[in-house]
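Reading through the structure tokens given below for one structure.
The values are calculated or read from the model by the stated rules, or taken from the named source; none is laboratory data. This structure is a prediction, so every number in the text was calculated from the model and none was measured. A quick note on method: Cβ atoms are made from the backbone with ideal geometry, for glycine too, and the neighbour counts reach across all protein chains shown.
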Amino acid sequence: MPVVPYALLGAATATAVTPAVAHLLAPAGGHAFTWPFVLTTLGFLIAARSFPRLTGRTRAADALARAA
């Protein structure tokens, strides 16, 4: 089950990004709200395409899809 460690890494990353975004927005009087979660989610969704075990895709399946 390779998805669980990936999800835990995403949660830890969002937790670490939250104070950074809050510190970045503080001078303008802004609040982080859900920005750290959104940024982390987008980053991890884009990166997930690089991990075939997460997506269930293999090189053979990609080759068949291109050939069709």
*Do you know which residues across segment 1-58 are in a loop (DSSP other than H, G, I, E, B), small (Gly, Ala, Ser) and loosely packed, with under 14 Cβ neighbours inside 10 Å?*
GLY29, GLY30, SER50, GLY56
*asked:* So the check is Cβ under 7 Å with 6+ separation or different chains; which pairs have a first residue in segment 17-31 that's under 17 Å from THR41 (Cα atoms) and a second one that's aromatic (Phe, Trp, Tyr) and assigned to a helix (DSSP H, G or I)?
replied: VAL21/TRP35
*Are there any pairs, at least 6 apart or on different chains, whose C-beta atoms fall under 7 Å, with the first in segment 36-63 and at pLDDT 85 or above and the second hydrophobic (A, V, I, L, M, F, W, C) and part of a helix (DSSP H, G or I), and if so, which?*
PRO36/ALA14; PRO36/VAL17; PRO36/VAL21; PHE37/ALA14; LEU39/VAL17; THR40/ALA14; THR40/VAL17
